[in-house]
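A short worksheet on the structure shown next.
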Amino acid sequence: MIARRFLPKNVRELVHWYERYLSPIGLIGGFVADNLILLRRVDVWTTNALLGSYLIIAALGIVFINAAESGRVKSNRLLALVPFVPVVVQFSMGGLFSGYLSLYSRSAAFGGSWVFVVIVALLLLSNERFIRFYTRLPFQVSLYFVVLYSFLIFFLPVVFKRIGPDMFVISGVLSLGIIAAFQVLLAHVAPLREKEARTAIARSVVIIGLIFNILYFENLIPPLPLALKAGGLYHRVVHEPSGMYVLEGEEVPWYESFLRYNLTFHRVPGERAYVFTSIFAPEGLTTTIIHQWQRFDTTTNAWVTTADIPFQISGGRDAGYRGYTGKFDPAAGKWRVNVLTPTGQIITRISFTVVDATTTPRLVQSVL
């Protein structure tokens with residue numbers, strides 16, 4: 001009798017007993033592996049193979065769950081696996097959200113784009129509570145549409161070596177097409193369940209699609225596959241014959257070195273301010289980056305663009321493609337430089353205040 005207290009009576013009880021322990025361990029281990037080992041770059045085959053395998057496993061699991069619930073699975077051996085399958089689907093979804101959190105957070109250098117990263121993080125954390133919902137078809141398909149759309153947004157630009165709204169629209173259309181084909185398959189293996197859930201699925205897919213489009217066109221989704229690797233405000237920038245850039249900027253507290261907002265530039269008359277950025281792009285992708293210099297006009301309480309300076313970047317360098325622009329003798333006051341894609345998506349924003357000075361402050365040198 002004592003031994004019975006520590007032994008499950010069947011597979012279903014085994015899953016119920018230990019899922020509360022295995023799920024958090026899998027979440028933490030998966031997130032560490034994604035960040036440190038597997039998902040280093042968005043354009044390497046291992047990254048896309050891992051995420052693609054999660055998508056396939058989740059899809060097969062959803063099909064199996066609904067086939068079993070509809071009585072289409074007759075084998076006792078396969079039926080014995082039924083309690084495990086929702087856990088496997090949950091694990092796959094968790095792996096996808098963990099991977100997206102890792103990739104999108106590296107690209108979210110602009111404040112607004114963290115909205116999408118926060119949503120992904122909440123979905124990742126909430127995934128631990130979703131296990132009972134993984135048996136419900138509308139929930140399964142809706143969540144699958146989210147992970148599929150999130151994947152295609154950056155995967156298609158990597159494949160076609162292009163970025164822009166057209167690639168986002170194609171990603172959405174392809175996601176809808178795959179979900180439609182997926183429903184046809186579900187209608188074949190579980191016709192009654194699919195018919196009952198059809199309206200709920202259509203409604204949720206439309207709402208999710210609208211949310212994705214609003215977030216994208218409001219510049220609230222990080223501009224993957226582009227990602228800011230480094231950026232800052234400097235007094236001097238020198239491009240060495242070795243190919244390295246020597247940067248000299250004002251000393252700031254260590255915690256402010258990670259921020260690109262509310263910096264201070266002590267300007268000596270006749271001096272030039274420089275903004276330097278290093279932006280990662282996938283191998284084979286060439287595009288234009290724009291440094292948009294803006295000054296805050298206190299009379300109109302509006303930002304006024306003083307210069308749009310474009311330059312080309314080429315993908316493939318792990319530390320990003322480096323470039324800089326400068327502004328001669330900027331007037332005292334608030335300034336910002338928006339780092340934009342050709343279609344106006346903000347990759348990052350560097351904000352600073354110019355203060356008149358008689359001598360150049362102490363500068364700290366770095367090499368990139």
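The values are calculated or read from the model by the stated rules, or taken from the named source; none is laboratory data. If you're wondering where the values come from, they're calculated on a predicted model, not measured in any experiment. Heads up, the Cβs are rebuilt from the backbone with ideal geometry, glycines too, and the neighbour counts pull from every protein chain shown.
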Of the listed residues (Leu27, Leu39), the one being surrounded by 12 or more Cβ atoms within 10 Å (Cβ to Cβ) and modelled with pLDDT under 65 is Leu27
Among Gly344, Gly284, the single one that is small (Gly, Ala, Ser) and under 20 Å from Asn219 (Cα atoms) is Gly344
If we ask which residues in segment 61-94 are of a type outside the set (A, V, I, L, M, F, W, C) and in a helix (DSSP H, G or I), their number turns out to be 9
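Condition check ((1) closer than 20 Å to Ile179 by Cα; (2) surrounded by fewer than 19 Cβ atoms within 10 Å (Cβ to Cβ)) across all residues:
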site: Trp45; (1), (2): no, yes
site: Ser75; (1), (2): no, yes
site: Leu81; (1), (2): no, yes
site: Val87; (1), (2): no, yes
site: Gln90; (1), (2): yes, no
site: Leu103; (1), (2): no, no
site: Ser107; (1), (2): no, no
Here the residues within segment 313-336 that are outside any strand (DSSP E or B), of a type outside the set (Asp, Glu) and on the phi > 0 side of the Ramachandran plot are Gly316, Gly320
Tyr261 meets each of (1) modelled with pLDDT under 90; (2) in the same structural domain as Gln345 (by TED's automatic domain parsing); (3) surrounded by 13 or more Cβ atoms within 10 Å (Cβ to Cβ) with one exception, condition (3)
One residue is enough: does segment 109-117 have a residue meeting the conditions modelled with pLDDT under 80, surrounded by 20 or more Cβ atoms within 10 Å (Cβ to Cβ) and assigned to a loop (DSSP other than H, G, I, E, B)? yes
Within segment 207-236, the residues that are outside any loop (DSSP other than H, G, I, E, B) and surrounded by 20 or more Cβ atoms within 10 Å (Cβ to Cβ) are Phe212, Ala227, Leu228, Gly231, Gly232, Leu233, Tyr234
By residue number, the members of segment 207-226 that are of a type in the set (A, V, I, L, M), at pLDDT 90 or above and farther than 13 Å from Ile119 by Cβ are Ile207, Leu210, Leu226
Flagged in segment 318-342 as closer than 29 Å to Trp114 by Cα, in contact with an Asp or Glu (Cβ under 9 Å, 6 or more places away or on another chain) and either acidic (Asp, Glu) or surrounded by fewer than 19 Cβ atoms within 10 Å (Cβ to Cβ) (or both), in numbering order, are Gly333
Is it true that Thr348 is modelled with pLDDT under 95 and polar (S, T, N, Q)? yes
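Matching residues to (1) out of contact with any helix residue (DSSP H, G or I) (no Cβ under 6 Å at 6 or more places or on another chain); (2) not hydrophobic (A, V, I, L, M, F, W, C):
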| residue | (1), (2) |
| --- | --- |
| Pro282 | no, yes |
| Asn301 | yes, yes |
| Ile309 | yes, no |
| Gly315 | yes, yes |
| Val337 | yes, no |
If you go through Thr348, Thr359, the only one that is β-branched (Val, Ile, Thr) and part of a loop (DSSP other than H, G, I, E, B) is Thr359
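Among the residues of segment 320-341, which ones are among the aromatic types (Phe, Trp, Tyr) and within 24 Å of Leu220 (Cα to Cα)? Outline the logic, then answer.
Of the residues in segment 320-341, the ones among the aromatic types (Phe, Trp, Tyr) are 321, 324, 328, 335.
Tyr321, Trp335 - these are the residues of segment 320-341 that are among the aromatic types (Phe, Trp, Tyr) and within 24 Å of Leu220 (Cα to Cα).
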Restricting segment 166-206 to residues that are surrounded by fewer than 17 Cβ atoms within 10 Å (Cβ to Cβ) and basic (Lys, Arg), the one nearest to Ile119 (Cα to Cα) turns out to be Arg203
Ser204 vs (1) at pLDDT 90 or above; (2) in contact with a Lys or Arg (Cβ under 7 Å, 6 or more places away or on another chain): all pass except (2)
The residue from Asp308, Asp318, Asp297 that alone is in the same structural domain as Ala331 (by TED's automatic domain parsing) and touching a residue at least 40 places away in the same chain (Cβ under 8 Å) is Asp318
Flag for Thr287 being β-branched (Val, Ile, Thr), part of a strand (DSSP E or B), exposed (fewer than 13 other Cβ atoms within 10 Å of the Cβ) and in the same structural domain as Thr359 (by TED's automatic domain parsing): no
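Tell me yes or no: at least one residue of segment 78-86 is of a type in the set (Val, Ile, Thr) and at pLDDT 80 or above.
Within segment 78-86, one or more residues are of a type in the set (Val, Ile, Thr) and at pLDDT 80 or above.
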